[in-house]
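Undergrad: Below you'll find the structure I mean.
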Amino acid sequence: ILDVWPARVVVITGASSGIGEATARDIAGRGAAVVLGARRLDRLEKLAAEIRDHGGRATAIPVDVTSRDDMTALVAQAVDEFGRLDVLVSNAGIARLSPIADLDVDAWNAMIDINVRGVLNGLAAAMPVFQRQQRGHFVTTVSTSGLKIVPTQAVYAGTKNAVRTLLEGLRQESTSGWLRTTSVSPGYVRTELADHVDDPQLREQTRKNMAEFAISPEAVARAIAFAIEQPDDVEIGDITIRPTAQG
Ligand code: NDP
């Protein structure tokens with residue numbers, strides 16, 4: 001474990017699998033204290049124990065990002081246990097893909113609740129701490145789906161672009177030099193994301209795409225760490241990271 005990491009305390013949502021899990025491991029290995037949030041506490045606790053076994057600092061708390069109270073508790077846990085909060089990685093998300101004409105309104109609402117409202121809840125929880133400290137960094141996992149709109153991904157892409165817009169707005173409002181924002185747009189990444197596609201055929205197709213040429217979640221974790229580890233006066237605003245073979 002290194003002792004040179006500038007971001008001392010990092011909260012990560014969606015840390016129970018995929019990109020969030022890899023990010024927690026990566027930045028804990030660079031010396032940050034990590035606070036892990038997601039709904040599956042068993043997986044979070046296992047990861048926190050693994051990080052601590054390797055000499056790192058980690059704590060876990062069950063959160064549903066759609067609950068403002070849960071997000072307030074998550075940020076409070078960082079401050080209570082580690083004394084501050086330097087970075088919030090709002091990474092939790094779902095991709096319940098389907099053609100718009102299927103009118104899967106429940107899936108649309110779930111994506112809006114988790115992918116958009118979840119990020120806003122995190123922002124609302126972290127902002128007062130960042131303001132108090134006069135230091136903070138919002139990192140979000142958006143998607144290349146928002147950059148190239150493809151069939152079945154429109155609503156998902158819409159939620160990701162809402163977050164991209166939100167962060168750019170925040171950036172415009174925060175030129176006083178102490179608040180950084182970063183939107184990371186991954187292409188296909190080998191995670192559990194496709195498991196939540198409702199339609200079995202589309203689920204298999206998405207899994208197949210991932211199995212064929214997706215990049216590892218560790219690659220995205222390194223990109224997130226790169227943004228975080230810059231000096232305070234350097235803001236990495238957008239990162240696009242996709243498989244070389246992705247169209
Ligand atoms: P995973 O399905 O592996 O991870 C998603 C994470 O989000 C899990 O830890 C899950 O934890 C958490 N999560 C889902 N719903 C909630 C909720 N209501 N409250 C709290 N946590 C929740 O997929 P990825 O790692 O791929 O996804 C991470 C992010 O990356 C997502 O925002 C996704 O949209 C984005 N992304 C992924 C890409 C890919 O190809 N994999 C491409 C582009 C972007 P739990 O179920 O325990 O709550």
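Undergrad: How many of the residues in the stretch 174-194 are touching a helix residue (DSSP H, G or I) at 6+ places or on another chain (Cβ under 7 Å) and more than 20 Å from Pro6 (Cα to Cα)? Break it down stepwise before answering.
TA: In the first step, residues of the stretch 174-194 are kept if they are touching a helix residue (DSSP H, G or I) at 6+ places or on another chain (Cβ under 7 Å); the result is 179, 181-194.
Restricting the remaining residues to those that are more than 20 Å from Pro6 (Cα to Cα) gives 185-194.
Counting residues in the stretch 174-194 that are touching a helix residue (DSSP H, G or I) at 6+ places or on another chain (Cβ under 7 Å) and more than 20 Å from Pro6 (Cα to Cα) gives 10.
Undergrad: Just for helices (runs of 4 or more DSSP H) wholly inside the stretch 1-120: which have at least 3 residues that are within 17 Å of Val220 (Cβ to Cβ) and touching a residue at least 40 places away in the same chain (Cβ under 8 Å)?
TA: 18-29
Undergrad: Then there's this: Among the residues of the stretch 63-73, are any of a type in the set (Gly, Ala, Ser), more than 16 Å from the ligand (Cβ to nearest atom) and surrounded by fewer than 19 Cβ atoms within 10 Å (Cβ to Cβ)?
TA: Filtering the stretch 63-73 for residues of a type in the set (Gly, Ala, Ser) gives 67, 73.
Retained after the next criterion (residues that are more than 16 Å from the ligand (Cβ to nearest atom)): none.
Looking through the stretch 63-73, none of the residues is of a type in the set (Gly, Ala, Ser), more than 16 Å from the ligand (Cβ to nearest atom) and surrounded by fewer than 19 Cβ atoms within 10 Å (Cβ to Cβ).
Read-outs: derived from the displayed coordinates by stated rules, not from any lab. Just so you know, these numbers come straight off a predicted model, no measurement behind them. So basically every Cβ, Gly included, is an ideal-geometry build from the backbone, and we count neighbours across all protein chains shown.
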